[in-house]
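The values are calculated or read from the model by the stated rules, or taken from the named source; none is laboratory data. Computed from a predicted structure; not experimentally measured. Here the Cβ positions follow ideal geometry from the backbone for every residue, glycine too, while neighbour counts run over all protein chains shown.
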Amino acid sequence: MFHWMLISLSLVLLWLPASAADEDRPACADRTLNVGFYAFFEPISYSADADPDSPEFDAHRGYEADLLSALEAMQGAGLSFARLGIAVWDEVWLLSATTDYDLVGGGISILDSRRYAADREEQIAFTDGHIRFQQSLLVRAEDAESLDSYASLGSQVRAGALVGTTGEFRLLELTGLVDADGVLAAGARVHTPQGSLIADGSEDFVITPAHETASLAHRTGISPPDDSMPQVIYMGGETGESELIAALRDGRIDVVARGQIGNSTAAVNPDGALVVSAVDELVEYGGFSLDVAEVDLLACLNDKINWLTDNQRIGFENWAANPTVFMERADLWNARAEDV
C-alpha cells in the first residue's frame, strides 16, 4: 500500500500542468445530467447487478464510473449525474440525441461514422478520448498456437462477436468478410430470424461499426464464402459479452473478437483456461456521446476530462493499478482552486 502511495504522489507531481486552475472555467451545467451507461462492459462500465429489473442495475461500476465520480468532485465544474444502466448495445451512442439522456457512455469507440443517424443527419458529438482501445482475440489456452492471428481464422473456426461493435467490424475486415467500407464479400451468407441472405458484393450488403443494411440489423450469424474466412456467431445482444465468454468456455464457439481490455480481464482466471492470442494494431479512443447541439457542455466536459486524464496521459492502466487516480486528480484540482 505504501508503495502505491509513493507512486500516486509521484504521478500527481509529474502530471501537474502549470495553468491548471489559473483560467476562468465556468460550471459545465446548471442541472443534473442524465447519464446512460452500457451495463455489460466490465471493467470499463458495468452495473452492480446485471438484472435490468434490479434497483442495483443503475448502480454504475468500473473505470468510467470512477471518471464520472471524479468529474462530480471537481469544485466549480457544476457537474452532477443521474446514472441509468442500458442493457442493449445497439447504436447506444445515439441515445444522447434521441432520448432524455444528456450523456451516454459504456466503452464507446469514437468514430466519425457514429456521429450520424441512418439518414446521414449529424446527431451526436463525442467528448475527447479518455481511454485507448485495441481489438483482440480470446481463445481457449489449448488453441493459442493454432489461432494466433486473424489470418488463422478459417472456415472451421466459429468466431463470436457482439453486433455493432468495433470488435465485430475488425474481425470482419481483417478476415476479408468485409472491405474497408463494410461491404460484405460476395457469397457470404448472412443468417437472420427471417432467413438467410446471400451477399452479392454490392453496397446492398453493408456492415460497419455504426450502421448496417436494414435487412442485416438482426443478424445471428455469417457463413463465409470460402475456406479462408471464419464463421461468425453473434451473441450477447441482451445479456452482454459475458455470454460470449461462457460460449467460448463450453465449446460453442472457438474465439471471441472484442477489445483487449475486456478479453484480458476474462483471461485473468486461476484456471488459465482462456488466453488473448492476438491484438489488433489499430488504436481507438473511447469517449462519451452527447447531442451535437450541446456545444458549450461539450467544451466544458472536455476541459475537465482532459484535466483528469492529463490530456490522455492517464488511462486505463493507471486506473487499474490505482482506482483512486481520477479522484486524486480531482483533489489536486480543488487544492489549486482554493489557492487561487
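For the stretch 281-295, state whether one or more residues are part of a helix (DSSP H, G or I) and assigned by TED's automatic domain parsing to the domain that holds Trp333. Show your work before the answer.
Quick first cut of the stretch 281-295, residues part of a helix (DSSP H, G or I) only: 295.
Add one more test, that the residue is assigned by TED's automatic domain parsing to the domain that holds Trp333, and what stays is 295.
The answer is yes, given that some residue of the stretch 281-295 is part of a helix (DSSP H, G or I) and assigned by TED's automatic domain parsing to the domain that holds Trp333.
Checking the stated criteria, Arg132 turns out not to satisfy the condition of being touching a Lys or Arg at 6+ places or on another chain (Cβ under 8 Å), at pLDDT 95 or above and surrounded by 15 or more Cβ atoms within 10 Å (Cβ to Cβ).
Annotation note: of Arg189, Arg115, Arg120, the sole residue that is closer than 30 Å to Phe316 by Cα and among the charged types (D, E, K, R) is Arg115. Within the set Val275, Val256, the sole residue that is in the same structural domain as Gly154 (by TED's automatic domain parsing) and out of contact with any Gly (no Cβ under 8 Å at 6 or more places or on another chain) turns out to be Val275. Does any residue of the stretch 227-241 turn out to be acidic (Asp, Glu), crowded, with 19+ Cβ neighbours inside 10 Å and either at pLDDT below 95 or under 26 Å from Asp119 (Cα atoms) (or both)? There is at least one residue in the stretch 227-241 that is acidic (Asp, Glu), crowded, with 19+ Cβ neighbours inside 10 Å and either at pLDDT below 95 or under 26 Å from Asp119 (Cα atoms) (or both). For the residues Gly237, Gly201, the requirement of being small (Gly, Ala, Ser) and in contact with a His (Cβ under 9 Å, 6 or more places away or on another chain) singles out Gly237. Residues of the stretch 75-90 that are within 25 Å of Cys300 (Cα to Cα) and part of a loop (DSSP other than H, G, I, E, B): Gln75, Gly76, Ala77, Gly78, Leu79, Ser80.
Answer yes or no as to whether Asp271 is free of Cβ contacts under 8 Å to residues at least 12 places away in the same chain, more than 27 Å from Asp30 (Cβ to Cβ) and either in contact with a Leu (Cβ under 9 Å, 6 or more places away or on another chain) or of a type outside the set (Gly, Ala, Ser) (or both). Spelling it out, Asp271 is indeed free of Cβ contacts under 8 Å to residues at least 12 places away in the same chain, more than 27 Å from Asp30 (Cβ to Cβ) and either in contact with a Leu (Cβ under 9 Å, 6 or more places away or on another chain) or of a type outside the set (Gly, Ala, Ser) (or both).
Restrict the check to the stretch 263-271 and report whether at least one residue is modelled with pLDDT under 95, polar (S, T, N, Q) and part of a loop (DSSP other than H, G, I, E, B). Among the residues of the stretch 263-271, at least one is modelled with pLDDT under 95, polar (S, T, N, Q) and part of a loop (DSSP other than H, G, I, E, B), which makes the answer yes. Gly105 meets each of the listed conditions (1) more than 26 Å from Asn311 (Cβ to Cβ); (2) part of a strand (DSSP E or B) apart from (1).
Name the residue that is farthest from Val178 (Cα to Cα), counting only residues in the stretch 221-256 that are under 21 Å from the mean Cα position of the chain (by Cα) and among the β-branched types (Val, Ile, Thr). The extreme case among them is Thr239.
Residues that are hydrophobic (A, V, I, L, M, F, W, C), within 24 Å of His218 (Cβ to Cβ) and not in a helix (DSSP H, G or I) occur in the stretch 118-140; there is at least one. Residues in the stretch 58-76: is at least one of a type in the set (Asp, Glu), in contact (Cβ under 8 Å) with a residue 40 or more places away in the chain and over 23 Å from Ala210 (Cβ atoms)? The answer is yes; a qualifying residue exists.
Note on the stretch 42-74: residues that are modelled with pLDDT under 95 and assigned to a helix (DSSP H, G or I) amount to 1. When the test is whether a residue is under 18 Å from the mean Cα position of the chain (by Cα) and not assigned by TED's automatic domain parsing to the domain that holds Ile245, Leu79 does not pass it. Taking Thr239, is it in a helix (DSSP H, G or I) and in contact (Cβ under 8 Å) with a residue 24 or more places away in the chain? In short, no.
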